[in-house]
């Protein structure tokens, strides 16, 4: 019998496969992101009970399958169901978005325990405390740093011109370049969007881990930051973020 691997894991997504099986993707603590097949999960009343739902924290036991990208899911014992996450549509929208962008920014079998703990902590905070767009923005920036996609905000990504606190300079954010561009360099690129001084200052502060409050920035500044980050993350993932429109119904993006 093949050797089984055991690890804490968070369910990212699941779908039916055939009449009785399910294909499930997990973010694990020890083995990165894996996808596997749970035989008989649609019919069994004892195996996988409530443990294959998105956001669930489980103790996963699986076996690698030779010549297949799908592992064989032996068991998934529920550790935490995050029941509070399904108490409101706003929390469901936020959790779905957090899980989807984490899924998109980390590759299969990328060993990154920090990303696992970041998502686990984020879902815990959301379930227990509720959340705001400021929390979501901090979550995104930390996730980008942990996955190696942190945006360059200290100066022009193209020519290296530093910001130097110049309040008259005009800056653009360019997802393809991976950060801000000065006015001159932005003229020769596509897909740049203006970023105001206040938004850039707040974005830099959050990027450094500073504790900012919603009262410290206007709704327009926060909206500007949300627009920039959504475009940037979507560019890095390389596809549309399906949960973003759903989130937009409850929280202005």
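The values are calculated or read from the model by the stated rules, or taken from the named source; none is laboratory data. Because the structure is a prediction, the values reported are computed rather than measured. FYI the Cβ positions are ideal-geometry reconstructions off the backbone, even for glycines, and counts take in every protein chain you see.
Odds and ends about this structure:
- Residue match in region 49-60 (condition: touching a residue at least 24 places away in the same chain (Cβ under 8 Å), in the same structural domain as residue 106 (by TED's automatic domain parsing) and out of contact with any strand residue (DSSP E or B) (no Cβ under 7 Å at 6 or more places or on another chain)): yes
- Screening the candidates 169, 131 for the property of being at pLDDT below 90 and under 18 Å from residue 224 (Cα atoms) yields one hit, 169.
- The strands (runs of 3 or more DSSP E) falling completely within region 108-214 that include 2 or more residues that are on the phi < 0 side of the Ramachandran plot and either in the same structural domain as residue 93 (by TED's automatic domain parsing) or touching a helix residue (DSSP H, G or I) at 6+ places or on another chain (Cβ under 8 Å) (or both) map to 171-174, 192-195.
- Test: residue in region 207-215 that is modelled with pLDDT of 90 or more, surrounded by fewer than 19 Cβ atoms within 10 Å (Cβ to Cβ) and under 28 Å from residue 57 (Cα atoms): no
- Test for residue 242: is it touching a residue at least 12 places away in the same chain (Cβ under 8 Å) and surrounded by fewer than 15 Cβ atoms within 10 Å (Cβ to Cβ): yes
- Among the residues of region 69-101, those identified as assigned to a loop (DSSP other than H, G, I, E, B) and either in contact with a helix residue (DSSP H, G or I) (Cβ under 9 Å, 6 or more places away or on another chain) or surrounded by fewer than 15 Cβ atoms within 10 Å (Cβ to Cβ) (or both) are 69, 82, 88.
- Selection count where residues are over 17 Å from residue 199 (Cα atoms), surrounded by 15 or more Cβ atoms within 10 Å (Cβ to Cβ) and either at pLDDT below 95 or within 12 Å of the chain's Cα centre (by Cα) (or both), scope region 223-239: 4
- When residues in region 15-34 are screened for being part of a strand (DSSP E or B) and either buried (at least 19 other Cβ atoms within 10 Å of the Cβ) or in contact (Cβ under 8 Å) with a residue 60 or more places away in the chain (or both), 8 of them pass.
- Taken over region 147-157, residues that are touching a residue at least 12 places away in the same chain (Cβ under 8 Å), surrounded by fewer than 20 Cβ atoms within 10 Å (Cβ to Cβ) and under 15 Å from the mean Cα position of the chain (by Cα) amount to 2.
- Residues that are touching a strand residue (DSSP E or B) at 6+ places or on another chain (Cβ under 7 Å) and exposed (fewer than 12 other Cβ atoms within 10 Å of the Cβ), drawn from region 158-196: 159, 162
- Test for residue 235: is it in contact (Cβ under 8 Å) with a residue 12 or more places away in the chain and not in a helix (DSSP H, G or I): no
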